[in-house]
Structures are given as C-alpha cells and as structure tokens.
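Report on the following structure.
The values are calculated or read from the model by the stated rules, or taken from the named source; none is laboratory data. These figures come from a predicted structure and were not determined experimentally. Methodologically, a virtual Cβ is constructed for each residue, glycine included, from the backbone with ideal geometry; neighbour enumeration extends over all protein chains shown. Remember, those area values only see protein heavy atoms, side chains included, never the ligands or the DNA or RNA. Shrake-Rupley method; radii C 1.70, N 1.55, O 1.52, S 1.80 Å.
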Amino acid sequence: MNATGTDLVYSTYLGGSDTDGRGSNDPGGDLAIDSTGNVYLTGTTESENFPTTPGAFRPAYPGGFRSGFVTKLNASGSALVYSTYLGGRSNDRAYGIAVDSAGSAYVAGSTASDDFPITPDAFQPPCPIPAPFVTKINPPGNALFYSTCLEGSSRSDEALAVAVDPFGSAYVTGLTRSTDFPTTTAGAPQPAAGGLDDSYVVKLDSVTTVSAASFTGPRTTAGAIVSGFGPNLATGIEVAVSLPLPTQLLGTIVTVTDSLDIDRPSPLFFVSPSQINFQIPKDTEPGPAKITVTSGDGTVVNGSVQIEAAAPALFSANASGRDVAAGRVVRVAADGSQTSASLTRFDTAEGRHLPEPVAPAAAGEDVIPVLFGSGISGFSSSVTATIAGQAVDVLFAGPQGQFEGLDQVNLRLPGNLAGGSVNIELTVDGKSANVVSVTIVGPIT
C-alpha cells in the first residue's frame, strides 16, 4: 500500500495449484524488505508447481507433504528476482525471514526431513528430526551460505522468527520442550529449562566480509584486500609490521575455504576484537567461499563471500568508499620530466581529506591521475574508465608493487573538462568499481 494507506501500489497472488488431488495450501509466513524496496517472502507450500525461477537453489519440488519457500519480489511487484523451495522429502515449514545489507536472506523454520539441506560446517550436523533450522541464502538465491539445526531431544522444538544485525549475526527465537536445548552457561540469564514449554533466544555469530576499499560485499576476488566485521575476532589490537604478511596476529587466524573445498590461510594486515583486515589468498578459486576466523582465545566465527573473476574497488581518501579518490596526480612534461602531488589535503578543522584541485595541462604535458584500489589485477583482462562521463585512456592497471594486495590505475586526464568535482568510473571485465571523484581547475583548454 502507499504511505498514506489510501491506495495499492501493487497486489499479487503467490502460490501454486492442486496438482496431485490432495489440495494445496501456500501460506506466507513472514516478509522483509531491503533498502531498494525488494520484498523477501518466506512461508510453506504444498504446491508442486509453486512459482520458482531457473537457477534458484532448489527450483523443483523436493517431495514430501509440504516445503518451505523463499521468494524475492522486485520493488514494483512485477517480477520474481528469485524463488526457491527450501525443504526435503518430508514435512518442512518456514516461518521467519530477515535480510542483511548485502541482500542475503536468513530463514527460520522447522524440518522433519532427513535430507533437509544442512551445510557441512553447520553448528549442529547432522540434523535430528524434527528440528528447528536456520538457513542463510546468498543474494542471487542460488546457494546457501550456511544452514544448521538447533535441536534438543524433545523433537517438539521450532524456530519461529529471525533478525540480523549489521555484523551479519543472526538472532533466532522460538519454542522448545527440550531440557538439553543448546544454551550457553557463562552469563546466560536462564541456561536451564524452566517448564514444559520454553521460549529461547539464540545468536549465531558471523563475520561480514567487504572490500577494504569500497566497503561493499560479499563479492570479492582472489588477492583482494578485505575487511571483516563481527564479534570476538581477536583478543586485542595488532598491526602487521613486516613482509611477507603474517597469517597469525595475536593468535587470530583467518582461513578461506574455496569452492573446491581447499583451505588456505589468509595474510593479515590488522586485527581487533570487532574488525580484521586481511587478503583473500591469491590461489582462491571462483565461487562461494567460507571465511573462518579463529581468535587467540579459541572463539570461532564463520562467514561467507562470493569469489568473482573480477571485483574492482577504489580507495577513497576518507575511507568511505566514495567522494574524493585516494591517490596522486603525475604531471609529465614535454621533455619527459615528472612532478607528483596528492589529490587531497587533510583539513584539520574539518577533520577529513578535501580535494586538491588538479590544474590544467600545459602545452605538450600529460596529466595522469594515479588511483589505488584492490581486486583489479587478479583475473582482469579488460579495464576501462570514464572521467565526467568521457572515456579515457587507461595507461596502467595492475599491482602497485610495494604493498601486498594493492592495485594501481593510471589514467590520462582529458583536456576539455569543465571545472569542479568530476566522477571517475572504472570497469574491470564488465564489473563496475565504486565511484570516486577528483576536482578539476577548469575549464581545461
């Protein structure tokens, strides 16, 4: 409905039909909305022809009497972004759904299927049935980041609702009759059962991994510099001070398990209790990958990323992933001599970097913005760029050479730009980087 409740923006059915003579029942259980207005809906279906999309995680009816479903509807309500069954060959129900800033969907429900999809690294494999489940689905809806059960011995437990915080930790609530339902004993307000039916609250920790340059995720590439955010990642703060980069700081170790199930330790730049900066190992294969952070005190936190052939990102001077670019401008005179200056200056009054305007080129001179980024050189074969919407020459795109994981891009500044702030847009193998800017003294003639 519209914001005043006076009219429908859109209204649609979502369900299947009676295809086996038993009747069909397709109730929606819960919905969530992302920042762009896409709707994520979960519920339970008895329809073998419930609308699913090709390439979804489970497009075909998995069998049994009923199955959970997860559907992402576009913001105008006119099309399915993805739609998938979530279940096995028995009786499954999906009750709650939440979505994080990256577009991953978290689903809570209950399963009686011995083949319900549970990931190998789940908190509680195999899944005793019936049991509550919590499943995290990747943004395209074609794979599971994780799927786990939460179960005691009563077989009458259910997961009814789920929420997610900015770090990607899932919060699940539901009902249990199990006296041995998994609880924490240190500091928990009620670690033991209190009666026949109890509610429970479970927090599943996760580390959210994003580009250290653009702060977007969960897509990245082999060799890229990334940042992980989450709880209990390290016992203190430490910065790497030598090369090659260590794979352990303060006892914290980061392991990346790629799509071929190969484990590799990650080089570490920095660790702290809530943030770590590390490099995706250079030999990591494309596809879904698991991130495992083991703190010095033994705490293990898991997360997931999608390894792409290219995931370009540019550093900004104020570590925001946007606005003024972090970099330098090199001026090459007609005789080949060079001078260099920063694209920014730090303003102590404002406490941030401000753009340092780039002067026009003199006769016979080249003006070359030198930008820094990550995720550019791993698999790339085609790099293009525009400045103020104009295609410009990419003179170099590759490793910076002095800092592990850092890439460098050299562009030729056009000579016909009007003055003011202009955007730089970089594309690597068809994938766009975050937009940064430089300021031009103009017009340049």
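The figures follow:
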read-out: Choice from ALA212, ALA161, ALA192 showing the highest fluctuation, given a GNM over the chain with Cα pairs closer than 10 Å; value: ALA192
read-out: Solvent exposure ordering (accessible area, 1.4 Å, most first) of TYR82, TYR171; value: TYR171, TYR82
read-out: For region 298-445, size of Cβ-based charge dipole, Lys and Arg +1, Asp and Glu -1, in debye; value: 140 debye
read-out: Sparse-neighbour loop sites [trypsin sites (Lys or Arg not before Pro); region 1-92; at most 13 other C-beta within 10 Å; DSSP]; value: ARG22
read-out: Amide H partners (placed H, <5 Å) of VAL358, local residues excluded; value: THR439, ILE440, VAL441
read-out: Gyration tensor (alpha-carbon) shape descriptor, region 305-425, a/c threshold 1.5; value: oblate
read-out: [x] 47, 27, 19; [y] 36, 26, 20; [z] 39, 28, 22, with the label sought being that of the calculated semi-axes √(5λ) of the Cα gyration tensor in Å; value: [x]
read-out: Region 23-160: relative contact order as a whole-number percent, Cα under 8 Å and 6+ apart; value: 20 percent
read-out: Heavy-atom accessible area ranking, 1.4 Å probe, most first, across LEU243, LEU31, LEU204; value: LEU243, LEU31, LEU204
read-out: Point-charge dipole on Cβ atoms (K/R +1, D/E -1) for the chain, about Cα centre, debye to 20; value: 440 debye
read-out: Mean Cα-pair separation over length for the chain, i.e. relative contact order, pairs under 8 Å, 6 or more apart, %; value: 8 percent
